[in-house]
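Step one of this worksheet: look at the structure below.
Throughout, read-outs are computed from the coordinates displayed, never taken from laboratory work. Everything numeric in this text was worked out from a predicted model, so none of it was measured. Virtual Cβ from ideal backbone geometry, glycine too; neighbours counted across all protein chains shown.
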Amino acid sequence: MIKDISYKKLQLAVLSGEVDFSKMNIFEEAKLEIPNAGIKIHAAIIGTSHFVQIKKENGIILTELLACDAIDDNLSKPLYFSPLADVDSSLSVASDFSYQFSYEFKSYKKSFEEISAWAMKAKLDSSLVFLEHQFEIELENPLTSRTILSIHAIEGGIRIKTVHEYREEDAIIVSGSLMKF
C-alpha cells in the first residue's frame, strides 16, 4: 500500500539538460527511440505523478515533470517551475523545443467512466507509449486511483496526455502537452 499525496501539491517542472531519475520510485516506464525524428523518449509513472524526457541527437534534452516532490538535481536547468494551481489554463515555454502545456480539473465521480473509456481507446490506438498504473490507497475503505500516460506521434513532435486520479479527493487532473522538435 502507498499513501497518496494530494493533487493540491502537484508541481509542474519543465527542465533543460540531463535529469537524474535514479532516486525516483518508478512504477511503469517506457524507453524508445524514433530514428527518423532523431529523438529518444523516456517516460515513466512515478507514484501518482509522471515524467517525460526527450533527448535530441544533438544532445538537447527537455523534461516535463508533474509531481508532488521536487527534484533535487544540479544537472538540469529549470525553464519553468510552479505549483500546478498557479498555472493558467495553458502555458508555453521557450526552449530549443516548442513546448505547450495545459490541464483541466475534473470530478472523479462525474468523470471516471469517461476517463476509463478514453484509456481503453488509447490503449488500442497506435500510441508510441501507453502506461497505466493503479494504486490502492490506505483509508477506511480501500480505494484505487490510477495514473495514465499516453504519447502519440504528431507532425514534427509528440502529444502527451496524462491522467492523475485522486479518488479520495474526488479529483482527476488531465494534462496535455505538445512538444515539437
Helix-only estimate, please: 222 nm mean residue ellipticity of the chain, summing -39500 (n - 2.57) across DSSP H runs of length 4 or more and dividing by its residues, to the nearest 500. -3000 deg cm²/dmol
Per residue of region 95-105, what does 6.51 cos²θ - 1.76 cosθ + 1.60 with θ = phi - 60° give for ³J(HN,Hα)? Whole Hz please, x for Gly and Pro, Karplus curve as stated. 6, 6, 10, 8, 10, 10, 9, 8, 8, 9, 9
When only Cα pairs under 8 Å and 6 or more residues apart are kept, what is the percent relative contact order across the chain? 23
In whole Hz and in residue order, list the ³J(HN,Hα) couplings for region 7-14 that follow from phi through the Karplus curve 6.51 cos²θ - 1.76 cosθ + 1.60, θ = phi - 60°; x for Gly and Pro. 4, 5, 9, 4, 10, 9, 10, 10
Which of [x] 19.0; [y] 17.2; [z] 16.6 gives Kirkwood radius over Cα pairs in Å as computed here? It is [z]
Below 14 angstrom from the Cβ of residue 95, what's the summed charge of the other residues (Lys, Arg +1; Asp, Glu -1)? +2
Among 85, 154, 59, pick out the residue whose Cα is farthest towards the positive end of the charge dipole of region 7-180, where Lys and Arg carry +1 and Asp and Glu carry -1 on C-beta, about the Cα centre. 154
Amide H contacts under 5 Å for residue 68, placed H, 5+ residues apart: 11
